[in-house]
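The values are calculated or read from the model by the stated rules, or taken from the named source; none is laboratory data. Computed from a prediction, not measured in an experiment: that's the story for all the values here. All Cβ positions, even for glycine, are placed from backbone atoms using ideal geometry, and neighbour counts span all protein chains on display.
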Amino acid sequence: MKSASRENESIKIVAPESRSRVNAILTTAFTMCPLSRWLYPEPERYLRHFSGFIEHYCGDPYTNRSGAYFDNGDKGALLWQTDKMHRDDARMMKFLLGSVPEYRRAETERVFKQFGKYHPQKPFWHFTMPGIDPMHQRSKLGDRLFRYGLAISDEAKALAFAEATSVHSARLYERMGWKIMGEVQVGSSPPVFPILRHPH
């Protein structure tokens, strides 16, 4: 237990007062994400809208304290929704269609509708936004952060769902016990892989 405690000593649960910090971590982390930059290809558009995307897509994680971040150096963050949280999908879609380029709206709507088809029929936790600052990627910090979050969902005996936005990240998830459910790709969009993990 002592080694586990040391491993997690710099990880804190998100709260309303950490909103701007964690949004900054994730905005930096997702600058190279294929899906994020497909939605917001121009840097100015991305920086203007990505914090709003976090809020709409993740379902108010700060009020619900459903996420964690590295408090020492702001190196990464992970947000999730529990089975008791209910994101407003209509509100999220309205935000998306108002923030992505006009020529990308129809495909964006179809992509997110395809995501919904993979959501489990029984209650589940949705791990929505895992991100490590590019300065600290490939340092196994993402693995540590995910194991921290999954330990919480495992304690709740929760089915876990997420979307991997690259083949590389899908393989990393597989090593942590996730199963790839399929592939979502619409028009010009990059492939995204819905994934599922049963509690351990």
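From the list Ala158, Ala162, Ala90, exactly one residue is within 30 Å of Glu44 (Cα to Cα) and either surrounded by 13 or more Cβ atoms within 10 Å (Cβ to Cβ) or in contact with a His (Cβ under 6 Å, 6 or more places away or on another chain) (or both). Which is it?
The conditions single out Ala162.
Could you list, in sequence order, all residues of segment 83-134 that are among the hydrophobic types (A, V, I, L, M, F, W, C), touching an Asp or Glu at 6+ places or on another chain (Cβ under 7 Å) and closer than 29 Å to His200 by Cα?
Phe115, Phe124, Trp125, listed by residue number.
Out of Ser169, Ser153, which single residue is at pLDDT below 95, part of a helix (DSSP H, G or I) and surrounded by 19 or more Cβ atoms within 10 Å (Cβ to Cβ)?
Matching residue, one of Ser169, Ser153: Ser169.
Name the single residue, out of those in segment 105-134 being in contact with a Leu (Cβ under 7 Å, 6 or more places away or on another chain) and basic (Lys, Arg), that is farthest from Met32 (Cα to Cα).
Checked segment 105-134; the qualifying residue farthest from Met32 (Cα to Cα) is Lys122.
Can Ala160 be described as within 16 Å of the chain's Cα centre (by Cα) and among the small types (Gly, Ala, Ser)?
When the stated conditions are applied, Ala160 passes them.
Need the failing condition index for Ala29 against (1) at positive phi; (2) at pLDDT 95 or above, just the number.
Evaluating Ala29 over (1) at positive phi; (2) at pLDDT 95 or above leaves (1) as the failure.
Looking at segment 174-187, is at least one residue within 23 Å of Ala77 (Cα to Cα), assigned to a loop (DSSP other than H, G, I, E, B) and either touching a residue at least 40 places away in the same chain (Cβ under 8 Å) or in contact with an Asp or Glu (Cβ under 8 Å, 6 or more places away or on another chain) (or both)?
Yes; the residues of segment 174-187 include at least one that is within 23 Å of Ala77 (Cα to Cα), assigned to a loop (DSSP other than H, G, I, E, B) and either touching a residue at least 40 places away in the same chain (Cβ under 8 Å) or in contact with an Asp or Glu (Cβ under 8 Å, 6 or more places away or on another chain) (or both).
Of all the residues that make up segment 26-46, how many are of a type in the set (Gly, Ala, Ser) and under 21 Å from Arg110 (Cα atoms)?
Residues meeting the conditions: 1.
Can you name the residue in segment 30-85 that is among the hydrophobic types (A, V, I, L, M, F, W, C) and more than 21 Å from Phe95 (Cα to Cα) and, of all such residues, is surrounded by the fewest Cβ atoms within 10 Å (Cβ to Cβ)?
Among residues in segment 30-85 that are among the hydrophobic types (A, V, I, L, M, F, W, C) and more than 21 Å from Phe95 (Cα to Cα), the one surrounded by the fewest Cβ atoms within 10 Å (Cβ to Cβ) is Met32.
Counting only residues that are of a type in the set (S, T, N, Q) and within 12 Å of Leu47 (Cβ to Cβ), which one in segment 13-29 is surrounded by the most Cβ atoms within 10 Å (Cβ to Cβ)?
Here the residue is Asn23.
Report the residue count in segment 102-140 for those that are of a type in the set (A, V, I, L, M) and surrounded by 18 or more Cβ atoms within 10 Å (Cβ to Cβ).
Result for segment 102-140: 3.
Can you name the number of the only condition in (1) more than 16 Å from the chain's Cα centre (by Cα); (2) under 21 Å from Phe30 (Cβ atoms) that Phe146 fails?
Result: Phe146 passes all but (1).
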